[in-house]
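The values are calculated or read from the model by the stated rules, or taken from the named source; none is laboratory data. Just so you know, these numbers come straight off a predicted model, no measurement behind them. All Cβ positions, even for glycine, are placed from backbone atoms using ideal geometry, and neighbour counts span all protein chains on display.
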Amino acid sequence: MDARDVIVAPRITEKSMAEALHQQYTFTVHPHATKTQIRHAVEEIFKVDVVKVNTVNVRGKARSAARRGVRTSGKQSDFKKAVVTIKVGQKIELGGVNYFEQ
Amino acid sequence: MELEIPITPEAMAEAELRAFRRLVKSVRLPGFRPGKVPRKVFEATYGTAAITGEAVEDVVPEAYALAMREHALHPVERPHMEILEEVEGRPVRVKATVEVRPEIALGEYKGIAVEAPRTVVGDDDVERSLTALAKERATLVPVDRPAELGDVVTIDYRGTIAGEPFEGGEATGQVTELLEERFIPGFASGIAGMAVGDRRDVEARFPDEYPAAELAGKTASFAVTLHEVKRLELPQLDDAFAASISSNATLAELRDDLRRRLGDIAQARHRRIVGNLVMERLLAAHEVPLPRSMVDAEIAHLAREAAEGESEPSDSDREQFRVEAETRVKGTLLIEAIAKAEQIAATPADVKAELTSLARQYGQPPERIRAALGSNLVALMEGIVRTKTIEFLVENAAVAVHEETSAPRA
């Protein structure tokens, strides 16, 4: 798998922003990506040294809605999330913008 | 006048931070609670222009206010702002165009020599007021004698001019005081001498300046029937009368009271005349550059008053009010300048007194009046300063009084 297929997108949330201060950057990754693949992908794309990779499979939330009186149900997509810890002193910027900085 | 105001990057940065804090409260982005979006994310999503624009709204008026204070300028209206130079969308220099209150070179305003009449209250004036009071308490007594001038009569009349009836020339059962000055010449005196039940034709001539043009100068013939004659019986002018009509115990006291009141009226009138004359002198003696915006505002105000809010005043109306407006603006500026020079100000006690007097006028508690006034309190204070200043001018004027004897008509 190519590095840019492994890393789908950065996750920009309050939590990920807070963790970025501690060298931990969060990404949405390919559901089948392994920690090793993620480590190599991040190192290749962002030119940083990865210390640790934690992953978690996030289950999409169930959603239901009433349409014309009929109840329909569904769910948001599952996805895999990776929290990548990088070496102290290094940082990740995206598109010239340093997202992970207050 | 034009003013160039620099805006420091620090001031701008600070304003941007404040703008961001304000804006961030209202944005909703997934992954963030409202108001928790970091500035970097905000800017990446909405662009920096949003913040800068908001900050300019903040920083420009601030810089303007600061500049006004620094230069001790008193603008008469809101400024017209223009951005002269900007770097990356951030203003560095702005130009404010504004009209300021002109500096007035005050000439002599104390000891202005004016000549003004002052009415001297004589005994006849007091007696006349007393008679007017007595008439209010007069009783009507039917009398069995021919009508005399001054009686109250009940009459029918039908007027014709050259045999033709005219509008307003007819009445039935009219009760009226038979006074020559109340009717067209000849009418009242023509009725005098008639006995109850008499019919008589009375000739009377409309004066040449009579308001109804078709009647003016014509001689009319009135067929008059007299039904009733009553005499106006004035009450006895004594202490009891004085006590019944006023809070004075005796007639002598009532006379003194009337004399004092007439004197007050005469004095107030005298001071008003002096005030007007002094202002006239001052207006003539001073050359004041008039801010266009003030004159325009005054013209608009006058025109609105005249039209009573009927419609927007036209340009010709505006021209018509120009002279008056200019005089008023000039007067206002002069009075302000004098007030400033003499340090005349509205003290809290003045404001309180004014509020109390307003409260009495409107029959409401002073607090209510104050609340209703709100920001108009400033206008109230300006009014007080104006009154006090004019009083000051009157006090300090060199008045040559020439005394008059006849009472001012109440």
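State all residues of region B:246-280 that are among the acidic types (D, E) and either modelled with pLDDT of 85 or more or surrounded by 15 or more Cβ atoms within 10 Å (Cβ to Cβ) (or both); if no residue qualifies, say none.
If the condition is that a residue be among the acidic types (D, E) and either modelled with pLDDT of 85 or more or surrounded by 15 or more Cβ atoms within 10 Å (Cβ to Cβ) (or both), then B:E253, B:D257, B:D264 are the ones that fit.
May I ask you to say which residue of B:A252, B:A303 is under 23 Å from the mean Cα position of the chain (by Cα), over 30 Å from B:A188 (Cβ atoms) and in a helix (DSSP H, G or I)?
From the options B:A252, B:A303, the qualifying one is B:A303.
Mind counting the residues in region A:16-43 that are within 13 Å of another protein chain (Cβ to nearest Cβ) and modelled with pLDDT of 90 or more?
2
Kindly indicate which of B:R69, B:R90, B:R28 is among the basic types (K, R), within 14 Å of another protein chain (Cβ to nearest Cβ) and either loosely packed, with under 13 Cβ neighbours inside 10 Å or in contact (Cβ under 8 Å) with a residue 40 or more places away in the chain (or both).
None of the others qualify; the one that does is B:R28.
Which numbered condition in (1) over 22 Å from the mean Cα position of the chain (by Cα); (2) outside any helix (DSSP H, G or I); (3) closer than 30 Å to B:A105 by Cβ is the only one that B:K340 fails?
(2) is the only condition that B:K340 fails.
Could you please find all residues in region A:68-87 being farther than 20 Å from A:V51 by Cβ, in a strand (DSSP E or B) and touching a residue at least 24 places away in the same chain (Cβ under 8 Å)?
Matches in region A:68-87: A:F79 only.
Scanning region B:31-58 for residues that are among the aliphatic types (A, V, I, L, M) and at the interface with chain A (Cβ under 8 Å from one of its Cβ atoms), which turns out surrounded by the most Cβ atoms within 10 Å (Cβ to Cβ)?
Applying the filter and picking the extreme gives B:V41.
If you check B:R182, B:R145, which single one turns out to be among the basic types (K, R), free of Cβ contacts under 8 Å to residues at least 12 places away in the same chain and exposed (fewer than 13 other Cβ atoms within 10 Å of the Cβ)?
None of the others qualify; the one that does is B:R182.
What tally of residues in region B:169-207 results from selecting those that are in a strand (DSSP E or B) and closer than 17 Å to B:T225 by Cα?
Of the residues in that region, 15 qualify.
Among the residues that make up region B:9-16, is at least one of them surrounded by 12 or more Cβ atoms within 10 Å (Cβ to Cβ) and under 23 Å from A:P10 (Cβ atoms)?
Taking every residue of region B:9-16 in turn, none turns out to be surrounded by 12 or more Cβ atoms within 10 Å (Cβ to Cβ) and under 23 Å from A:P10 (Cβ atoms).
From B:Y157, B:Y210, grab the single residue that is within 45 Å of the chain's Cα centre (by Cα) and either modelled with pLDDT of 80 or more or part of a helix (DSSP H, G or I) (or both).
Testing whether each residue is within 45 Å of the chain's Cα centre (by Cα) and either modelled with pLDDT of 80 or more or part of a helix (DSSP H, G or I) (or both) leaves just B:Y157.
In region B:97-141, which residue that is closer than 30 Å to B:S246 by Cα and of a type in the set (S, T, Y) is surrounded by the fewest Cβ atoms within 10 Å (Cβ to Cβ)?
B:T139
Has region B:186-207 got at least one residue that is among the aliphatic types (A, V, I, L, M), within 37 Å of the chain's Cα centre (by Cα) and surrounded by 13 or more Cβ atoms within 10 Å (Cβ to Cβ)?
There is no residue in region B:186-207 that is among the aliphatic types (A, V, I, L, M), within 37 Å of the chain's Cα centre (by Cα) and surrounded by 13 or more Cβ atoms within 10 Å (Cβ to Cβ).
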